[in-house]
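Student: The following block contains the structure, expressed as structure tokens.
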Amino acid sequence: MKVIVPVKQVPDVVEDLELTADGTDVDREFLKFVVNEFDEQALEEALCIKESSGAAVVVVGLDEPDVDQALYGALAKGADRAVKLVGTGEGWLPGHRRSAILAAWLAGEGYDLVLTGVQAADDLDGQLATLLGARLGLPHISVVVRVDAEGSAARVRQELAGGTVVEEAVALPAVIGVQAARQAPRYVSISRIRQAQQSGAVEEVPAATADGATGFRLRRLLAPERTSHAEMLRGGPGEVAERIVELIRAKGLIPG
Amino acid sequence: MSNDVLVLAEHQGGALCTVTFELAGRARELADAWGGQVQVALLGASNLAGQLGSADVVFTAEHPALADYNPEAYERVLLSIVHARTPRLVLLSTATAGLDLSAALSVGWDAPVVSSVVGLSAEGEGALATAQIYGGKLLAEVELAGSRAVCAVIAGSFPAAAGRRDRPPAVEAIDAAAVLDGLRTSVTGVVTAEAGDVDITAADVLVSVGRGIGSRDDLEVAEELADALGAPLAGSRPLTDQGWLPKSRQVGKSGVTVKPKLYLALGISGAPEHVEGMRDAELVIACNTDAKAPIFDVAHYGTTVDLFDLVPELVKRLKP
Ligand SMILES: Cc1cc2nc3c(=O)[nH]c(=O)nc-3n(C[C@H](O)[C@H](O)[C@H](O)COP(=O)(O)OP(=O)(O)OC[C@H]3O[C@@H](n4cnc5c(N)ncnc54)[C@H](O)[C@@H]3O)c2cc1C
Ligand SMILES: Nc1ncnc2c1ncn2[C@@H]1O[C@H](COP(=O)(O)O)[C@@H](O)[C@H]1O
């Protein structure tokens, strides 16, 4: 059993996102990048599969800001190999192109399962799991909360609307968009990541020159027009608390 | 090619989902602007076709593999429909089916796809889609100038009333048997959810906590406030995924929709999937240290005071 986990770096959305001069991308120069939270979940689920059925886990990332941290972090957590596809350029990479690059690499790898995050904060032209599955001509399932591999098939739990969860059986190989792992992603200390950095090598492989245009024109990015915005309560914690209590009282919602 | 707009109907528990009417209503506007038809694909639930009166034609398909939602079966049938009918635009929601299918249609039908759409209008022969990106912090304006496109639309973006019309649409049954041969995915069962300890949809007041709380231990801080208000604790998805709160306390797209008189959001960013479940609360007060957090766009009142400074002050004033 070989499980591949594509991981991706996304701008930390807690930061201020400034736009580039032409307005079609976020200004990446001073941005903080973090691993896509759903990719962390996919990695955790892959590691759970490894623990229960002895699979080999391979993480793969494109050469993007701070991706080394994600790849070494994955090795420290228990991934068997980490691969970095280099030469992919800078700036926002459409999902179509990302999936074409990964599909080309996957073709030479051999695998049973591809587990990646169900979506990412910078998805605009589709989600990677679905794009990859369709490109590879494989069955693919998104919004998954558990994967159990059993020989040539996997049992998958998929969430539908309103928290309904169904179980599906899918023949392998297959691509899964993970929403949440069966358990919270494991924590790994900085010292373990440093160890991985010293011992485990990240393999660098030139990225395929895949095309993969979105087929649309991104006119511009913009901050949402604030049709409605909260009235901001000014002052220190005490003053703000006072105002909030008044608001709650005015609604008749203070108990007793 | 055509000027038609095709909508994927979503149904749950034997009823059409509200978002389907939202999409049908917007499809009507676009189809009228382009001079085309509104078409709806309704799989595994032909009995509901009569409710889709805003469509010119409803394509229905019945097959054992369509009895339950099966992503592979849906993908194959939809692909066969778009290849045969060549609509100008296909509309899905961003629910599970949209995440499974919209990008797959893009690849399989060679059409651009736009994710997380919240606005959509005709622009001459083409369309302009407005989509959320970066957790709702930014919008992207996307020009769809070609002869085909797919949009995955966030529920609540368009009025549902525009998609409800009391007249029977034409119905065309499709024989899907041939394309459903040799499926590699099958639905094997429904996992019954564990019963929740409290029904947060019934509460007048909710104290709702997000990742800003930082750790399980610090959840106590919010619990104290909830107690003082006589309210249950609710939360965003990351908290239930971590197991810090039971799943029944999750507000949002994959949790429950709540409409309390007061929704106190602590350390919640206001991602679209969360907002979907609480935007109709009567009074929303949000505490988030990031002044640009999208939660402030749905909140009535907001503060950027640190929740760990604010909550004790609130408790002090609420506890006699
Ligand atoms: C298919 C699908 C379904 C989903 N369904 C749901 C759903 O049902 N419900 C849901 O909630 N999410 C859902 N999500 C997840 C959603 O995309 C977001 O990841 C999630 O809502 C973010 O939760 P959050 O706001 O708690 O965390 P974050 O986005 O990390 O926000 C934490 C916030 O806390 C603030 N903060 C930090 N420290 C403090 C402090 N000391 N004081 C005050 N503020 C502070 C930060 O500024 C930040 O804005 C779904 C995702 C997918 C893909
Ligand atoms: N057309 C559809 N699109 C998306 N999801 C669907 C569709 N039909 C059924 N489902 C899902 O399948 C589950 C069972 O639906 P039903 O068989 O109608 O009770 C629901 O939770 C729906 O979310």
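The values are calculated or read from the model by the stated rules, or taken from the named source; none is laboratory data. This is a predicted model, so every value here is computed, not measured. Note: ideal-geometry Cβ built from the backbone for every residue, glycine included; neighbour counts use all protein chains shown. Only protein heavy atoms, including side chains, enter the accessible area calculation; ligands, DNA and RNA are left aside. Shrake-Rupley method; radii C 1.70, N 1.55, O 1.52, S 1.80 Å.
Student: For the range B:135-157, give me each residue that is out of contact with any Pro (no Cβ under 7 Å at 6 or more places or on another chain) and farther than 22 Å from B:Ser2 by Cβ.
Tutor: Residues satisfying the conditions are B:Leu138, B:Ala140, B:Glu141, B:Ala155, B:Gly156, B:Ser157.
Student: Select from the range A:142-155 the residues that are surrounded by fewer than 24 Cβ atoms within 10 Å (Cβ to Cβ) and assigned to a strand (DSSP E or B) and write down the one among them that is farthest from the other protein chains (Cβ to nearest Cβ). Talk me through it step by step, then tell me what you get.
Tutor: At the first step, the residues of the range A:142-155 found to be surrounded by fewer than 24 Cβ atoms within 10 Å (Cβ to Cβ) are A:145-146, A:148-153, A:155.
After this cut, where a residue has to be assigned to a strand (DSSP E or B) as well, the list is A:145-146, A:148-150, A:153, A:155.
Numbers: A:Val145: 9, A:Arg146: 9, A:Asp148: 12, A:Ala149: 15, A:Glu150: 12, A:Ala153: 9, A:Arg155: 7 Å.
Once the filter is applied, the top-ranked residue is A:Ala149.
Student: Taking the stated definitions as given, is B:Ala67 open to solvent by 30 Å² or more (accessible area, probe 1.4 Å) and more than 16 Å from ligand 1 (Cβ to nearest atom)? Lay out the reasoning, then the answer.
Tutor: Values: open to solvent by 30 Å² or more (accessible area, probe 1.4 Å): yes; more than 16 Å from ligand 1 (Cβ to nearest atom): yes.
Considered against the rule, which asks whether it is open to solvent by 30 Å² or more (accessible area, probe 1.4 Å) and more than 16 Å from ligand 1 (Cβ to nearest atom), B:Ala67 comes out as yes.
Student: Restrict the check to the range B:193-208 and report whether at least one residue is within 16 Å of ligand 2 (Cβ to nearest atom), touching a strand residue (DSSP E or B) at 6+ places or on another chain (Cβ under 9 Å) and open to solvent by 40 Å² or more (accessible area, probe 1.4 Å). Steps first, answer last, please.
Tutor: So the first thing to find is which residues in the range B:193-208 are within 16 Å of ligand 2 (Cβ to nearest atom), and the list is B:193.
From what is left, the residues that are touching a strand residue (DSSP E or B) at 6+ places or on another chain (Cβ under 9 Å) are B:193.
Remaining after also requiring open to solvent by 40 Å² or more (accessible area, probe 1.4 Å): B:193.
Within the range B:193-208, one or more residues are within 16 Å of ligand 2 (Cβ to nearest atom), touching a strand residue (DSSP E or B) at 6+ places or on another chain (Cβ under 9 Å) and open to solvent by 40 Å² or more (accessible area, probe 1.4 Å).
Student: Can we say B:Gly189 is out of contact with any helix residue (DSSP H, G or I) (no Cβ under 7 Å at 6 or more places or on another chain) and more than 30 Å from A:Arg219 (Cβ to Cβ)?
Tutor: Here the answer is yes, as B:Gly189 does meet what is asked.
Student: Here's something else I'd like to know. Working only within the range B:232-243, note down all residues that are in a loop (DSSP other than H, G, I, E, B) and within 9 Å of chain A (Cβ to nearest Cβ).
Tutor: The initial filter retains those residues of the range B:232-243 that are in a loop (DSSP other than H, G, I, E, B), namely B:232, B:236, B:242-243.
Once the filter is applied, which keeps residues that are in a loop (DSSP other than H, G, I, E, B) and within 9 Å of chain A (Cβ to nearest Cβ), the range B:232-243 yields B:Gln242, B:Gly243.
Student: Let me ask you something else. Of all residues in the range B:273-284, count the ones that are more than 7 Å from ligand 1 (Cβ to nearest atom) and either away from chain A (no Cβ under 11 Å) or of a type outside the set (Asp, Glu) (or both).
Tutor: Result for the range B:273-284: 7.
Student: Is it true that some residue in the range B:277-293 is closer than 21 Å to B:Ser157 by Cβ, at pLDDT 95 or above and in contact with a helix residue (DSSP H, G or I) (Cβ under 8 Å, 6 or more places away or on another chain)?
Tutor: Checked against the condition, which is being closer than 21 Å to B:Ser157 by Cβ, at pLDDT 95 or above and in contact with a helix residue (DSSP H, G or I) (Cβ under 8 Å, 6 or more places away or on another chain), the range B:277-293 yields at least one hit.
Student: Taking the criterion of being on the phi > 0 side of the Ramachandran plot and either within 22 Å of the chain's Cα centre (by Cα) or more than 7 Å from every other protein chain (Cβ to nearest Cβ) (or both), would at least one residue in the range A:174-191 satisfy it? Break it down stepwise before answering.
Tutor: Within the range A:174-191, the subset on the phi > 0 side of the Ramachandran plot is none.
No - not one qualifying residue is present in the range A:174-191.
Student: Can you tell me which residue among A:Leu47, A:Leu31 is open to solvent by less than 40 Å² (accessible area, probe 1.4 Å) and over 25 Å from A:Ala107 (Cα atoms)?
Tutor: The match here is A:Leu31.
Student: Are any residues in the range B:1-60 free of Cβ contacts under 8 Å to residues at least 40 places away in the same chain and part of a loop (DSSP other than H, G, I, E, B), and if so, which ones?
Tutor: B:Gly13, B:Gly14, B:Gly35, B:Gln37, B:Gly44, B:Ala45 - these are the residues of the range B:1-60 that are free of Cβ contacts under 8 Å to residues at least 40 places away in the same chain and part of a loop (DSSP other than H, G, I, E, B).
Student: Got at least one residue in the range B:20-32 being within 13 Å of chain A (Cβ to nearest Cβ), within 16 Å of ligand 1 (Cβ to nearest atom) and not aromatic (Phe, Trp, Tyr)? Don't jump to the end; show me each part of the working.
Tutor: Taking the range B:20-32 as the starting set, the residues that turn out to be within 13 Å of chain A (Cβ to nearest Cβ) are B:20.
Narrowing the set further to residues that are within 16 Å of ligand 1 (Cβ to nearest atom) leaves none.
No; the residues of the range B:20-32 include none that is within 13 Å of chain A (Cβ to nearest Cβ), within 16 Å of ligand 1 (Cβ to nearest atom) and not aromatic (Phe, Trp, Tyr).
Student: Does B:Gly252 satisfy being within 16 Å of ligand 2 (Cβ to nearest atom), within 21 Å of A:Glu40 (Cβ to Cβ) and buried (at least 22 other Cβ atoms within 10 Å of the Cβ)?
Tutor: Details: within 16 Å of ligand 2 (Cβ to nearest atom): yes; within 21 Å of A:Glu40 (Cβ to Cβ): yes; buried (at least 22 other Cβ atoms within 10 Å of the Cβ): yes.
It is true that B:Gly252 is within 16 Å of ligand 2 (Cβ to nearest atom), within 21 Å of A:Glu40 (Cβ to Cβ) and buried (at least 22 other Cβ atoms within 10 Å of the Cβ).
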